[in-house]
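Right, one structure below, let's go through it.
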Amino acid sequence: MFVTDIRKEFYDVVVNQRVALFVSPDIDALCACKVLQALFHCDQVQYTLVPVAGWQDLGTAFMEHKEQYQYFVLINCGANVDLLETLQPEEDSVFFICDTHRPVDVVNVYNDTQIKLLIKQDDDLGVPSYDDIFRDDEEDEEGDGDDSGNESDGSAEPSGKRRRYDEDVLERRIERQRARREWEARRREILFDYEQYEFHGTSAALVMFELAWVMSKDTKDMLWWSVIGVTDQWVHDKIPHMKYVTDIATLQRHVSRHNHRNEDEENSLSIDCMRITFEYDLRLVLYQHWSLYESICNSCYTSCSFKLWSINGQKKLQEFLADMGLPLKQVRQKFNSMDMTIKENLREVIEESANKFSMKDIRVQTFAVHFGFKNRFLASDVVHAAAALLENVEKDETPTDNFIKALDCLSRSNLERLHLGIDLAKKKLKAIQQTVASCICTNLILSQGPFLYCHLLEGTPDVKLFSKPLALTLLCKYLLKAFVCSTRNKRCKILPLIMAAPLDVEKGTVIVLGIPPESETSDKKNFFGRAFEKAAESTSSRTLHDHFDTSVIELKMEDRGKFLDALITLLS
């Protein structure tokens, strides 16, 4: 059931208990986890933190902890399946679910005792009403029981009356069965409409921050984490632009409240403390930690606008730099080393030239954090750095080690780790840029009818990096935008994209991901989750639907052909 008073129904319940905290490996979940950890530290709540990468992990973690714990908090996992069916818990276990995945499973919504959903009600949830999807079978049975009881009593009556009575009973029974069949057909239809599309709701970090705010325990660190959580949803294309803008406006109010607190002289903080500011900044990735040239080349927005994979695109980029009037020597050196005079009005200069090159949206609303004088980070910088640490493939470290490192880089006491993450993120963005260029230039994107399809072959540079869901999502989003910019086929511009990349060569598996069509106004609803399930079912392909995002699956290499054929038939 939905929790209406998050403080009373959630926090006050767990504050004197031991809690198991299951966290999914995405940046928004990490940020929500940081906020909750900070609150738990305030009130000395004992908890165990367990990273869970998929449904199997969640099942295993629950089996290991169910004896010691009664209360479980699930962050960004567990809302979109029938959790009690999946985990089979004891009757006294209680699950608090703070999850952005939609649609929320109807059984979770209407379970009043064990499932508590920490989900914002103002999201467009569209949950079907209880009577449309649940029905008491007892009513029918009672009705049948009355009829059969009367039959035996009526044996003394004349046979004519009795025959007529039997016919009435039969008619009533047929009528009831027909009504039930109609109800079931309608229920299937309602559930299909409700569960057809997968999408994301309000950031979990923002929900947790609002809990802290309600209890007057919110700090600047918590506010910064909730900013990163919302920015993660925007960077990885999980929410529509309008939703991002409204959430940013909510955060902006909190930011000005916190900044206002520190303005009076008596309470002013020392300069090495953190300051969060609202910025209308450039859509250039990591440009303050890179050279301007590298950032323009490796940002999805500018790279696709210029079509940098073509010779004409490179010429256009040179024209753009010339139009800005910036010396090449300045543009190619690290941002920190650029002349102060150039840096002062750099954003205005870039925006002015970008408008001439029809890049009207080069600036976006976001936040920056200042740690003292030296360190300034944009929220998107931290998202890229944390994601690169979370999915680091360079060293053979366990997913749990990477999870802890990504969690650490969010603390301001760990700036070295954040800088390490930024270096990894640069490598990752370069790899994405090169892969996109090679896919476009070698025509690897095929139109399969109802969707576009691209398969990265084993042996492609950096292919190991794209066996991870966040990296593959970024590549997919970037590739579709680049393809839409470069193709002349109007029909292809409105198609979704399915991407496959090698996952485990020894087992012969690939990771498959589907994303909705590219458009600025799109509502980011993804129908591939259901489609993948149906296609796997109808062809009995060997798939593993283990990911919390239903649009990401694992598939056996040999079954790829029949699986795709089934998808084409299904979606045509």
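Find me the longest stretch of the chain that has none of the exposed trypsin sites (Lys or Arg not before Pro), where exposed means in a DSSP loop (not H, G, I, E or B) with at most 12 other Cβ atoms within 10 Å. The partial results should precede the final answer.
Working: sites that count: 360, 374, 395, 488, 490, 507.
Looking at the chain, 1-359 is the longest stretch - no exposed trypsin sites (Lys or Arg not before Pro) with at most 12 other Cβ atoms within 10 Å.
Can you sort 258, 419 by 1.4 Å-probe accessible area, starting with the largest? Spell out each step's value before the answer.
Values: 258 5, 419 75 Å².
Descending accessible area places them as 419, 258.
For region 444-571, calculate the relative contact order in percent as a whole number, restricting contacts to Cα pairs under 8 Å that are 6 or more residues apart. Can you show the working numbers first?
Numbers: 197 pairs, mean separation 28.8, N = 128.
That works out to 22 percent.
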Residues of region 6-125: accessible area per residue with a 1.4 Å probe, Å²: 38 Å²
Where the centre of each part is set by its Cα atoms, how far does region 16-92 sit from region 281-315, in angstrom? 40 Å
Sites excluded, GluC sites (Glu not before Pro) in DSSP loops with at most 15 other C-beta within 10 Å, longest stretch of the chain: 92-262
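Where both partners of a DSSP beta bridge lie in the chain, what percent of those bridges are antiparallel, to the nearest 5? Walk me through the intermediate numbers first.
Details: 34 of 58 bridges.
Roughly 60 percent of the DSSP beta bridges within the chain come out antiparallel.
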What nm distance separates the two modelled labels at residue 107 and residue 316, each placed 7 Å from Cα along Cα→Cβ? 5.1 nm
Label of the coordinate-derived value, Cα Rg over 2.2 N^0.38 Å, listed as [x] 0.92; [y] 1.05; [z] 1.13: [z]
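What number, rounded to the nearest 500 deg cm²/dmol, is the helix-based mean residue ellipticity at 222 nm of the chain, given -39500 (n - 2.57) per DSSP H run of at least four residues and division by all its residues? Mind dumping the intermediate values first?
Working: 22 runs with 283 residues, N = 572.
Result for the chain, helices only: -15500 deg cm²/dmol.
Rounded to a whole number, what % of the accessible area of region 444-571 do carbon and sulfur atoms account for, probe 1.4 Å? Can you show the working numbers first?
Numbers: 3100 of 5660 Å².
Roughly 55 percent, rounded to a whole number.
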Want the number for residue 523 to residue 172: 0.36 nm per residue separation, take away the alpha-carbon distance, what's left? 121.7 nm
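Subtract the Cα-Cα distance of residue 191 and residue 448 from 0.36 nm times their separation in residues, and report this length gain in nm to one decimal.
Details: separation 257, 0.36 × 257 = 92.52 nm, distance 2.88 nm.
Here the segment from residue 191 to residue 448 would lengthen by 89.6 nm.
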Place +1 on the Cβ of every Lys and Arg and -1 on the Cβ of every Asp and Glu in the chain, take the dipole about the Cα centre, and give the residue among 54, 121, 292 whose Cα lies farthest towards its positive end. 292
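How high is the relative contact order of the chain, in percent, counting Cα pairs under 8 Å that sit 6 or more residues apart? Please report the intermediate quantities before stating the final value.
On the way: 847 pairs, mean separation 72.1, N = 572.
Relative contact order comes out at 13 percent.
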Sorting 22, 41, 10 by the position of each Cα along the dipole of region 1-147 (Lys, Arg +1; Asp, Glu -1; all at Cβ), the one nearest the positive end of that ordering is 41
Over region 6-125, what is the relative contact order in whole percent, taking alpha-carbon pairs under 8 Å and six or more residues apart? 24 percent
Quick one: which residues, 5+ away or cross-chain, put their amide H under 5 Å from the amide H of residue 119? H built at 1.01 Å from N. 3
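Any idea what the dipole of region 5-89 comes to, in debye rounded to 20, about its Cα centre with Lys/Arg Cβ at +1 and Asp/Glu Cβ at -1? All intermediate terms of the calculation are to be shown ahead of the outcome.
Details: 5 positive and 11 negative charges, 49 e Å.
Dipole size: approximately 240 debye.
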Once you charge only the Cβ atoms, +1 for Lys and Arg and -1 for Asp and Glu, what is the size of the charge dipole of region 272-430 about its Cα centre, to the nearest 20 debye? 360 debye
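Could you look at region 6-125 and say what percent of its accessible area is carbon and sulfur, using a 1.4 Å probe and all protein chains?
42 percent
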Compute the helix-to-body angle for 379-390: its Cα long axis versus the longest principal axis of the chain, expressed 0 to 90° and rounded to tens. 70 degrees
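Over region 272-430, give the accessible area per residue in Å² for a 1.4 Å probe, as an integer. Please list the in-between numbers first.
Working: 7220 Å² over 159 residues.
For region 272-430, the per-residue accessible area is 45 Å².
For the chain, give the magnitude of the charge dipole about the Cα centre (Cβ charges: +1 Lys/Arg, -1 Asp/Glu; no others), in debye to the nearest 20. Show your work: numbers first, answer last.
Details: 69 positive and 92 negative charges, 765 e Å.
Using Cβ point charges on Lys, Arg, Asp and Glu, the chain gives about 3680 debye.
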What is the gain in length, in nm to one decimal, between residue 135 and residue 373 on full extension, counting 0.36 nm per residue of separation less the C-alpha to C-alpha distance? 79.3 nm
In the chain, if the dipole is taken from +1 on Lys/Arg beta carbons and -1 on Asp/Glu beta carbons about the Cα centre, which of 434, 331, 100 is farthest to the positive end? 331
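Specify the longest stretch of the chain that does not include any exposed loop site, a site being one of the chymotrypsin sites (Phe, Trp or Tyr not before Pro) with a non-H, G, I, E, B DSSP assignment and at most 12 other Cβ atoms within 10 Å. Each step should come with its number before you reach the end.
Working: sites that count: 134, 373.
After excluding every exposed loop site, the longest remaining stretch is 135-372.
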Which of the three applies to region 6-125, rounded, prolate or oblate, going by the alpha-carbon gyration tensor with a ≥ b ≥ c and a/c under 1.5 meaning rounded? rounded
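Sort region 361-445 into rounded, prolate or oblate with this rule: let a ≥ b ≥ c be the square roots of the eigenvalues of the Cα gyration tensor; rounded if a/c is under 1.5, and if a/c is not under 1.5, prolate when a/b is larger than b/c, oblate otherwise.
Details: a/c = 2.82, a/b = 1.32, b/c = 2.13.
Because a/c hits 1.5 or more and a/b fails to exceed b/c, region 361-445 counts as oblate.
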What nm value, rounded to one decimal, do you get for the distance between residue 505 and residue 1 when each label is placed 7 Å out toward the C-beta? 5.5 nm
For the residue pair residue 18 and residue 216, what label-to-label distance in nm results when each label sits 7 Å from Cα along the Cα-to-beta-carbon direction? 3.3 nm
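The values are calculated or read from the model by the stated rules, or taken from the named source; none is laboratory data. These numbers were taken from a predicted model, which means no experiment stands behind them. Using ideal geometry, Cβ is built from the backbone for each residue, glycine included, and neighbour counts are taken over all protein chains shown. These accessible areas exclude ligands, DNA and RNA; they are computed on the full protein's heavy atoms, side chains included. Shrake-Rupley method; radii C 1.70, N 1.55, O 1.52, S 1.80 Å.
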